[in-house]
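K.L.:
Next up is a structure, given as structure tokens.
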Amino acid sequence: GWIRVTDPSPITNAPISWCKFECKIDTPKNVMRLDLAVNGGALPHPPPVVTVSLKLKTVVNPKSHTSEIVSVSAICHRKVQLDTATDAGTENMVQLSLIRPLG
């Protein structure tokens with residue numbers, strides 16, 4: 001569910017995640033479940049999230065007997081809904097495939 005964070009301090013040094021905004025709080029008491037904070041009000045719907053699915057194809061190199069990546073495919077969906085069904089259309093999807101030559 002949703003949470004309410006009070007008195008956050010932005011993290012200004014090197015980022016530690018892929019998040020757009022990073023912050024820290026001084027005490028866990030500054031975090032509250034929003035359903036407990038809102039008296040009878042409707043909670044907002046969660047925002048859409050971006051998801052990426054990856055697929056790697058490998059083969060075994062007969063000389064070195066190690067696995068080598070020969071292709072990578074990715075599909076990115078820019079508007080995945082967390083609380084309802086996501087639209088099955090392809091207008092919010094981007095696909096990329098990379099293949100290296102064998103030989």
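The values are calculated or read from the model by the stated rules, or taken from the named source; none is laboratory data. Owing to the predicted nature of the structure, the values given are computational and were not obtained by experimental measurement. Every residue, glycine as well, gets a Cβ built from its backbone with ideal geometry; the counts of neighbours run over all protein chains shown. Protein only, heavy atoms only, side chains kept; ligands, DNA and RNA dropped before computing areas. Shrake-Rupley method; radii C 1.70, N 1.55, O 1.52, S 1.80 Å.
K.L.:
Along the charge dipole of the chain, pointing to its positive end and built from +1/-1 on Cβ of Lys, Arg, Asp and Glu, which listed residue (His45, Pro101, Trp2) has its Cα farthest out?
P.N.:
The residue sitting farthest along the positive end of the dipole is Pro101.
K.L.:
Also, I was wondering about something else. Enter the accessible area per residue of the chain (Å², integer; probe 1.4 Å; all protein chains in place). Show your work: numbers first, answer last.
P.N.:
Numbers: 8750 Å² over 103 residues.
Spelled out: the 1.4 Å probe surface of the chain, per residue, equals 85 Å².
K.L.:
Roughly how many Å² of Arg78 are accessible to a 1.4 Å probe, to the nearest 10?
P.N.:
Only protein atoms counted, so the area is about 110 Å².
K.L.:
So, one more: If r is the Cβ-Cβ distance from Asp7 to Val50 and R0 is 35 Å, what FRET efficiency results, to the nearest 0.05? List each step's numbers first, then the result.
P.N.:
Working: r = 28 Å, r/R0 = 0.81.
Between Asp7 and Val50 the formula returns 0.80.
K.L.:
What lysines does Lys29 reach when the alpha-carbon gap must be under 29 Å and sequence neighbours fewer than 8 apart in one chain are set aside?
P.N.:
Those lysines meeting the cut-off are Lys20.
K.L.:
In terms of solvent-accessible area of protein heavy atoms at a 1.4 angstrom probe, what is the ranking of Cys23, Cys76, highest value first?
P.N.:
Values: Cys23 55, Cys76 35 Å².
Ranked list, largest accessible area first: Cys23, Cys76.
K.L.:
Over the Cα atoms of the chain, what radius of gyration and what Dmax do you get, in Å?
P.N.:
21.5, 68
K.L.:
Would you mind telling me the share, in percent, of accessible area of the range 22-71 contributed by carbon and sulfur at probe 1.4 angstrom? Walk me through the numbers before you get to the answer.
P.N.:
Working: 2420 of 4090 Å².
Percent of accessible area from carbon and sulfur atoms in the range 22-71: 59.
K.L.:
Moving on. Using only DSSP helix segments of four residues or longer, with each worth -39500 (n - 2.57), what per-residue ellipticity at 222 nm results for the chain after dividing by its residue count and rounding to 500? Let's see the in-between values first.
P.N.:
Working: 1 runs with 4 residues, N = 103.
Calculated mean residue ellipticity at 222 nm is -500 deg cm²/dmol.
K.L.:
Further, regarding this structure: Using Cα pairs under 8 angstrom and six or more residues apart, how large is the relative contact order of the chain, in percent?
P.N.:
Working: 138 pairs, mean separation 21.5, N = 103.
Result for the chain is 21 percent.
K.L.:
Using a 1.4 Å probe on the protein heavy atoms only, what accessible surface does Val59 show? Give it in Å² to the nearest 10.
P.N.:
Its accessible surface works out to 50 Å², give or take rounding.
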